[in-house]
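Since the structure comes first, as structure tokens, the remarks are kept for the end.
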Amino acid sequence: MPEQSLIKTLPDNVIVNSKIIEHLPETEIRRLIALAVETAVKQIIHPIVARSINIAILTTRELCLKDFAFERNSDKLENASRWMVKSLAGSLAIVTGKEPFRVELVKQLSELLRS
């Protein structure tokens, strides 16, 4: 699984501010940040993606039915619909997920640093 290898290498990609290192060892901070990122993503990904997909499907249905109303080739409608749902859902998930991810990440880091 690619996401498993990404999570394993995440601590190596974390850049730690030197002021924070005074309080905890750098390796421990990297591990905590990686754990917080992983937990935050797991907490928010399903509702964000589900909502984005629903919005993308409804939008795509309306636009494609309008734009392809007189198209005789149903394959064109199907291909355009699939491409549009994928594109819209991905973009919506990224845009709508930023703030919930930030909030969840701060929450997770706070909990981990307190323990």
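Computed about the Cα centre, the dipole magnitude for the chain is approximately 200 debye when only Lys and Arg (+1) and Asp and Glu (-1) carry charge, each at its Cβ. Under the definition of Cα pairs under 8 Å and six or more residues apart, what whole-number percent is the relative contact order of the chain? Computed value for the chain: 34 percent relative contact order.
Sites listed here are chymotrypsin sites (Phe, Trp or Tyr not before Pro) in region 1-108 whose DSSP assignment is loop and whose Cβ has at most 15 other Cβ atoms within 10 Å: 70. Residue-wise HN-Hα couplings along region 72-84, as the Karplus relation 6.51 cos²θ - 1.76 cosθ + 1.60 with θ = phi - 60° gives them from phi, are 7, 8, 5, 5, 5, 4, 5, 5, 5, 5, 4, 4, 5 Hz; Gly and Pro carry x.
What the phi angles of region 9-17 give under the Karplus curve with 6.51, -1.76 and 1.60, with θ = phi - 60°, is a coupling list of 8, 4, x, 5, 9, 7, 9, 9, 5 Hz, glycine and proline written as x. Principal-axis analysis of the Cα atoms of the chain puts helix 26-67 at an angle of about 10° to the longest axis.
The 1.4 Å probe gives accessible areas that order 52, 115, 110, largest first, as 115, 110, 52.
The residue among 58, 85, 45 whose Cα reaches farthest toward the positive pole of the charge dipole of the chain, with charges on the beta-carbon of Lys, Arg, Asp and Glu, is 58. In the chain, a dipole from Cβ-located charges (positive for Lys and Arg, negative for Asp and Glu) runs towards its positive end, and of 70, 100, 115 it is 70 whose Cα lies farthest in that direction.
Amide H contacts of residue 68: none lie under 5 Å away among residues 5 or more positions distant or on a separate chain (H built 1.01 Å from N in the peptide plane; Pro and chain starts excluded). Counting only protein heavy atoms and a probe of 1.4 Å, the accessible surface of the chain is 62% carbon and sulfur. Along the chain, the exposed loop sites are GluC sites (Glu not before Pro) outside DSSP states H, G, I, E and B with at most 14 other Cβ atoms within 10 Å, and the longest stretch free of them is 23-70. Note on Cα Rg over 2.2 N^0.38 Å: of the candidates (1) 3.54; (2) 1.27; (3) 1.52, the value calculated from this structure sits at (3). For the chain, the per residue solvent-accessible surface stands at 76 Å², with DNA, RNA and ligands left out and a 1.4 Å probe.
The values are calculated or read from the model by the stated rules, or taken from the named source; none is laboratory data. Predicted model, so just to flag it, every value in this text is computed and none were measured. FYI the Cβ positions are ideal-geometry reconstructions off the backbone, even for glycines, and counts take in every protein chain you see. Areas reflect the complete protein model, heavy atoms only, side chains present, ligands, DNA and RNA absent. Shrake-Rupley method; radii C 1.70, N 1.55, O 1.52, S 1.80 Å.
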